Structures are given as C-alpha cells and as structure tokens.
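The values are calculated or read from the model by the stated rules, or taken from the named source; none is laboratory data. All values derive from a computational prediction rather than experimental measurement. Here the Cβ is made from the backbone with ideal geometry for all residues, glycine too, and neighbour counts use every protein chain on show.
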Amino acid sequence: MDENHFLKPASTEERRLYYREEWNIEDIPDFIKNSVDKREFGFDHLGRGPNDRYRVFRSLDLLRKFLRYRTPFAAYSSVAFYEKPQRRDGWIKSEVVFDVDAKDIPLRKCNCEGVCDVCLNQAREIVCSLMDILKGDLGLNDIHVIYSGRGYHLRVLDESVMKVNSDVRGQIVKYIIGAEVPQSEYGSDGVTYKLEHFSLPFGYPQVFTERVKYAILHLTESTEMDGVNNKLLKDVIKYREFINNDEWGLFRGKVGPIRYQRLIKSIASLNMGWVDAKVSIDLKRILRLPSSLHSMVSMKCMEVNNLENFDPFQDAVPRFVYERK
Amino acid sequence: MVSVAFINPLSDEGRQIVREMGNLDLFREDNAKLIDLVIHTRLQDISEEFIPHNYVDLAVKRLEWYIRKKNDPNFNYNKYSFLFNYDITRFDVISFYLLCQAVGVKFGPNSRESRAMVESQGKLMQSRLSEFSRIDREDLIKKILDSLLSDEKVKWTFFEDILSSRKLKLEDLVMDHGDIILNREDFIESFSSKIEHRDPDKIYNMMIGDKVKELIMNRMIMQKTEDYIYKVQQKSKREIEPNPLLLELAEKVSTVLSESFPSYGHKVGGNGEIKAAPLNPNAFPPCVKLVLEGMKSGGRNDAIILFFTPFVSYARLYPDIFRKNVTVKVSDVDPNLSVVQNEILPLIYGAAEQCTPPLFDDQPQEKININAKLGFGMHAVVELKHEGESIWYTPMSCEKVKLHLPSLCKPDKTCKRIGNPLSYYIRKLWESDETNGNPEGNED
C-alpha cells in the first residue's frame, strides 16, 4: 500500500464508515466500560477541540448509539470518576496517567513534521522503560497502555494511587522520568562518601542512570541543551561508546567531572520532556477514548495488549485507509 | 533512660504527660523545677533574660531557638542548651502542645506560624538526636518508627501525606516493587545480586542505614504536628472562646516571627510588610524574563494565563501575599482598578503579543481567561461589578512551573534558595536595595 495514504486526516465520510462499519463498543477496554456511568465524556465534532463536554452515558448502549450516529471527529473520556459526572462534581478518584506524545519527545531519532514510524517506535521504547519503573520500583501493576494515535497513554488503575493528589502525581512523574540529579554524597558513621548515580544499581540513582544513558546515546551534533556548549556536546558524542559499554567512570574521566555535572544537570532538565506532566497532574483531564478514531491522522486509538510486538501501522490503521485511492 | 516523648511529643508517652497535667492557667506561673533544670544544664548561659520561668516562656524559647538559629549569624547555642537536656522532657512536651494549640486556635494550619512551628519541631528532633550516642539514637529511632509504622513492610503510598506536602521526596526512598526498603536484610535480599565490586553492607549503611529511617521518622512527626494543628483549629471553631492563655502565647509567637523577618529596603513598612510598588523588571526571575521574550506555540496559553498573569498582578499589587496568607481581591489593593488597566493588563497583552504566533491573533478569547484569573469572572472587560465571580489566582510555585512549563525553568543561583517566582522577585528587590545603600527600610 502507498505510504501516502497513512496519517492523513479522515474525511466526514470516512469517520462515518469507521463508526458504522468497523467500530465496536466491545473494543472499549473493560476498565472504561465498567465505569462508564462515573466518567465525564467529551467530544470534538468539528476538529476544533473537545468543546462538547460534560456528557454522561448511563449505559454502554447509549454511548454506542451516540458514537454510531454522531461519528465525532474525536471522542474523550475522563480519567476521573465522579458521583455526578454531568457536573464534574463529587470527585471519587482518578487514574494516574502518563502521556508520551511522539511528536513532542526530546531527542527524536527522526526529523519528521508530525509523527512517523521512527518516532512512534521511540515513544514505544520510552513507554516500556516507564512501565518497568512503575512496576519494579513503585509496585504498580494495574497498568493499561493505550496507543493514542500519535503516541501512548499509560493509564494506572491501582487503587493505592487513584486517590493521590496532584502533588504526589507530580512526584511520581519526576521520579520515573529522572527529573532531578540524585545526591552524590552519602554519610555513614560520620564519614562522607562520594558515590555517583551510576555506582548505585537500584532505586532512584538507577532510574536516573538509565535516563542519562538513553539521552546520551540519542544526542546528535545539532542537539541544543542548556549549559552544554558545542565543545562539550562533541566530546560527549566522541566518548559515548563508554556509556554504551556501561563504563561510566571512564566516560566521566574523559569528559571531566565538572563538565559531567553540567551535562547530567542539563539532561535532568531535558527529561521533563519525556512525558507531558500537565496531563499527569490534572485530576480532571479527559483523554482520547480507546477504540475511537484519531481523525487528524486516521489512526485508531486502542488498548495495546502486547507492547513489545505492537506496530501501529499494522494494528491501528482503520480499514477505510486501505480503501483510499 | 531517654523518653521517646523528648523526640516525639505526639507519642503515647507524650500524650500521657499531657493527660496528667492540670489546668492551663498554671502554665504561666513560675516553675521552680523548670528554672532549676535550665540553670543546671551543662553549658547553659544563665543570664536572667534567657531563662524560661514557666511553660509559656519555654514554648516561646522553643520557637525562638529555631528562628534565631536560622536567621541570626551570631546565634549563640549556649543560650538554648536547656532544650537539649532530656530532663526537661515533661516541660518540653507541655510547651509543644501549648504552641500547637496557640497556633491552631489563632492562625490555623495554613499559616506561616504553623509552618514555623512544624519546621522547628523537625529541626529540634534532628538536633536532639545528633546529641545522642549512636546506640541511643538507633534505639530511639527504632522505638519511634515501630510505633509509627504498623507493618514490617511499608508501601510508599503510606507516605502520601508527607509526599504531598513535599516534606519527603520519592527520590529519597529506596523502593522495591512498592515496598520501602528500611531493613538491612530486605536490602540485601533485594539488591545484593545487583551490586558489584562493593560490599552491599556498606552500601546499605551509606544509602539507608539510620539516615533514611531518621528522615522518615522526622517527616512523619512533622506531618503529625501539622495534622494536630489542623485538629485544634477545627475543634476551636466549635468553641465559643479560646483560652486567653493560648491567645497570649499566639501573640508572642507572632512577635518572634516578625522580629525575624528580614528588611526589604524601601518597600518594607514598620512591621516587615512588603508594600506594593511599580514593577522592577530587573528583579524578575529567569522564567518571567523568558515569557517576556516570547513563547512559542504549545506553551503560550499556560505561560501567559496561568503563569504570567498571577505573577505580575501579585508582584505589582500584593507582593506580600504568601507571608500574609489571606484571600484578597484586586480591588482591596487597587480600588479603582487603575493599576490593572494601566500597568498590569498592558504588560500581559505585551507578553501575549510577543508569542509566536501572537496569542490573541488566533485565540482572542484568552483575554477573557486573563480577566478570570484576576478574579473578574469570564467577561470581556475588567469591571468591579464582576469581581469575585472567579478567584485571583496566586502565582505558581517553582515546583508547578517545572511540571506545567518545564521549558521556562532555567534556574540561576538565586533560584536555589526560593520556591516561588514571586519570592525570587522580592529577594532581588531586597538585594538591589541593599546594594544601593538603603538597608534600613526607610521610605523614599
């Protein structure tokens, strides 16, 4: 199939085809179907943003009919559960979500304008590593990965975190993306020891080490980073093979300890871009409804059951795209 | 034998001491035993002015120690040696409760007085523990933690409150599948296979050891102190009139805090109040300067509406907002809205115009949003009759800026010492006045 048919906006007729002939209410994941009456729904009918908000559906069948007949440009549901979703009142709890948008991630491997298979794959890699930390460090297990059409949403439904406020959510984001340089001085029995993050293969220092490694291995000569001048950038690229071999001490020695500190401080700041933190700390956010159509790129927003093997260009392309001439 | 109440007044032992005490009015009477204990404390400076004579005096000294230690470069430790004498435990516990109740009744939990009380408790626990031998310290921490943590295995979510108030950072904890690793055995079991070329035992001592346990204990007690102040406030709302002794102590607390407040040059009034004055762009923090240079599409709305509008409006009209901890309206400080119309809105519109593309070119409706963030509801024009339909948004903290608008956060040296862009602005104004030789707080 001609690649030009992919990632183009869907026409009104294509939306109608999708919702009436391909879409099935059963494609909505259970974690939403089971709480449909507690969530706020929002719709974008004209491609100008989700202006039709505060929608509530008392049953799945009513939602099915709405989507079938209104065939919206985009459909959303809240991450929050409410007593009175029609007024966004009586907040009960919210999923903890992480939004990795392929077009916004720092250090993209591609130079595409919007999204392409390269940056979407990079977003997938990032999601995999975030999941490892959510599970391994934070012990969260009820995690759903949604392909949003232009990236991924990680939606956490562990009861232990669904009631936490924005401040705690902010702390989770900062932990999993490595937004702070870890301390390097530790005291024991009145003696202070200096231990760099890469010497500690567990806890937050390890999270940070993984993030720094990823960033360094994806730098290019045209990357712009605060506090990192051209000379430092060139040296980092020159010696990064040491990082690839996990020879951190040698790398730090080649770059120089002061410049190394400057580099990791800059990477910590850059790490804030891996996810859209605004989404994570917003308790009342609406997110694209899994199974709905991302009309801007003609992709299905869908739950991903096997992230390792997921290929959006195989699994998330609606039938009408293949029928385009 | 040291009582855990000396470190944690909210412990069962501490509460028992309070239960055994009589009526509040006795607390302002001179107490010979207290005076004797203080005078006979090792290294204690026994000048009359430093000796607490009763429980109320001791409560004031407790807070004064923290404030002076923090702000006075010539701080004399020997004036407060009695605070580290564990023989005063019974008196100390009572003075702790008196302070919490005074602060709770008069100021509530979201006040600078409450913050100072909670922080002082944290620092006092830390300093007291450092005076003990390692064995005693370990023993005390273990006893206190055992009573605070009900299970052997503790999930990080147990610390939701102290994480939320940022008394503790998630990065401070070592976790394995959600469990916080505190014990040596758990650490070895979880991580020893990953540690190469180093002794896992030593790594445990360095990274966790007593340090993390003490940190958790300290932050939990600080949080419980804050919670107690909140409970006192809630209870006091149901009472007709608070005890005069608590109000008297609250006044003294306020005086201790006011004395410590630094002078901010010509914008500072007699009581430390920071007065409104025309904006000085040279004192703006780096994030505000970046907004003035122009934002790119993507972060424009949040930068202008949620970040810049509250910052410039408070910096110009009510820079003292965080110290005062009150809810104000724009018209309280700009009665005919002339400053809003002639200075603040033009500055916000100018910053919006600098965006790429200019914010109002494609989103003219955002002017209404700006009015809403100033407290004038969703209306096209700022008018007094609409004031109060929305709230006047206070400036975002640095923490929020990092999360909402990470591209704006390019900290300089001053940023390290502050937690809000508005505090940066005030500090810079003060520094510039100091440099210009007007340190006395005189009016121009």
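Things worth noting here:
- In the stretch A:143-162, the residues that are in contact (Cβ under 8 Å) with a residue 24 or more places away in the chain and at the interface with another protein chain (Cβ under 8 Å from one of its Cβ atoms): A:VAL161
- In the set (1) under 19 Å from the mean Cα position of the chain (by Cα); (2) more than 17 Å from A:ILE32 (Cα to Cα), A:ASP142 fails one condition alone, (2).
- Residues of the stretch B:401-436 satisfying the condition of being among the hydroxyl-bearing types (Ser, Thr, Tyr) and either within 14 Å of another protein chain (Cβ to nearest Cβ) or touching a Ser or Thr at 6+ places or on another chain (Cβ under 9 Å) (or both): B:SER407, B:TYR424
- Qualifying residue in the stretch B:356-375 (condition: in a helix (DSSP H, G or I), touching a helix residue (DSSP H, G or I) at 6+ places or on another chain (Cβ under 9 Å), more than 30 Å from A:SER280 (Cβ to Cβ) and modelled with pLDDT of 90 or more): no
Conditions (1) at pLDDT below 95; (2) polar (S, T, N, Q); (3) over 23 Å from B:ILE144 (Cβ atoms), marked per residue:
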position	(1), (2), (3)
B:MET1	yes, no, no
B:ILE7	no, no, no
B:HIS53	yes, no, yes
B:VAL60	no, no, yes
B:ASP72	yes, no, yes
B:ASN76	yes, yes, yes
B:LEU99	no, no, no
B:ALA102	no, no, yes
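- Residue in the stretch A:181-197 that is facing another protein chain (nearest Cβ under 7 Å) and in contact (Cβ under 8 Å) with a residue 24 or more places away in the chain present: yes
- Of all residues in the stretch A:221-246, those that are without any contact (Cβ under 8 Å) to a residue 60 or more places away in the chain, of a type outside the set (Lys, Arg) and under 27 Å from B:LEU408 (Cβ atoms) total 12.
- Residues in the stretch B:204-243 that are assigned to a helix (DSSP H, G or I), facing chain A (nearest Cβ under 10 Å) and in contact with a helix residue (DSSP H, G or I) (Cβ under 7 Å, 6 or more places away or on another chain): B:TYR204, B:ASP210.
- Listed by position, the helices (runs of 4 or more DSSP H) contained in the stretch A:172-251 that have at least 1 residues being surrounded by fewer than 16 Cβ atoms within 10 Å (Cβ to Cβ) and touching a Phe, Trp or Tyr at 6+ places or on another chain (Cβ under 9 Å) are A:241-244.
- 3 or more residues farther than 24 Å from B:ILE17 by Cα: qualifying helices (runs of 4 or more DSSP H) within the stretch B:48-138: B:55-71, B:112-131
- Within the stretch A:44-59, tally of residues that are closer than 23 Å to A:MET296 by Cα, without any contact (Cβ under 8 Å) to a residue 40 or more places away in the chain and part of a loop (DSSP other than H, G, I, E, B): 5
- Pairs are defined by a Cβ separation below 7 Å, a sequence spacing of at least 6 or placement on different chains, a first member in the stretch B:343-360 that is assigned by TED's automatic domain parsing to the domain that holds B:GLY298, and a second member that is among the charged types (D, E, K, R) and buried (at least 22 other Cβ atoms within 10 Å of the Cβ); the pairs so defined are B:CYS355/B:ARG300; B:LEU359/B:ARG300.
- Filter pass, A:LEU219 being assigned by TED's automatic domain parsing to the domain that holds A:TRP248 and more than 30 Å from A:TRP91 (Cα to Cα): yes
- Annotation note: Cβ proximity below 8 Å between a residue of the stretch B:151-164 that is more than 9 Å from every other protein chain (Cβ to nearest Cβ) and a residue that is part of a strand (DSSP E or B) and of a type outside the set (A, V, I, L, M, F, W, C) (sequence gap 6+ or interchain) occurs for B:LYS153/B:ASP179; B:VAL154/B:ASP179.
- Of all residues in the stretch B:142-153 being of a type outside the set (Gly, Ala, Ser) and assigned to a helix (DSSP H, G or I), the one that is surrounded by the most Cβ atoms within 10 Å (Cβ to Cβ): B:ILE144
- Flag for B:ASP201 being assigned to a helix (DSSP H, G or I), touching a Lys or Arg at 6+ places or on another chain (Cβ under 8 Å) and more than 9 Å from chain A (Cβ to nearest Cβ): yes
- Filter pass, A:VAL212 being at pLDDT 95 or above and at the interface with chain B (Cβ under 10 Å from one of its Cβ atoms): no
- If you go through the stretch B:154-194 and keep only what is crowded, with 19+ Cβ neighbours inside 10 Å, assigned to a loop (DSSP other than H, G, I, E, B) and touching a Ser or Thr at 6+ places or on another chain (Cβ under 9 Å), you end up with B:VAL174, B:GLY178, B:ILE181.
- Per the listing A:GLU3, A:GLU83, A:GLU26, the residue uniquely loosely packed, with under 13 Cβ neighbours inside 10 Å and at pLDDT below 95 is A:GLU3.
- Some residue of the stretch B:326-339 being assigned by TED's automatic domain parsing to the domain that holds B:VAL401, under 12 Å from B:LYS373 (Cα atoms) and over 20 Å from the mean Cα position of the chain (by Cα): yes
Yes/no matrix, rows are residues, columns are (1) outside the structural domain of A:ASP101 (by TED's automatic domain parsing); (2) at positive phi; (3) among the charged types (D, E, K, R):
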residue	(1), (2), (3)
A:ASP142	no, no, yes
A:ASN165	no, no, no
A:GLY170	no, no, no
A:TYR175	no, no, no
A:TYR193	yes, no, no
A:HIS197	yes, no, no
A:THR209	yes, no, no
A:TYR214	yes, no, no
A:GLY227	yes, yes, no
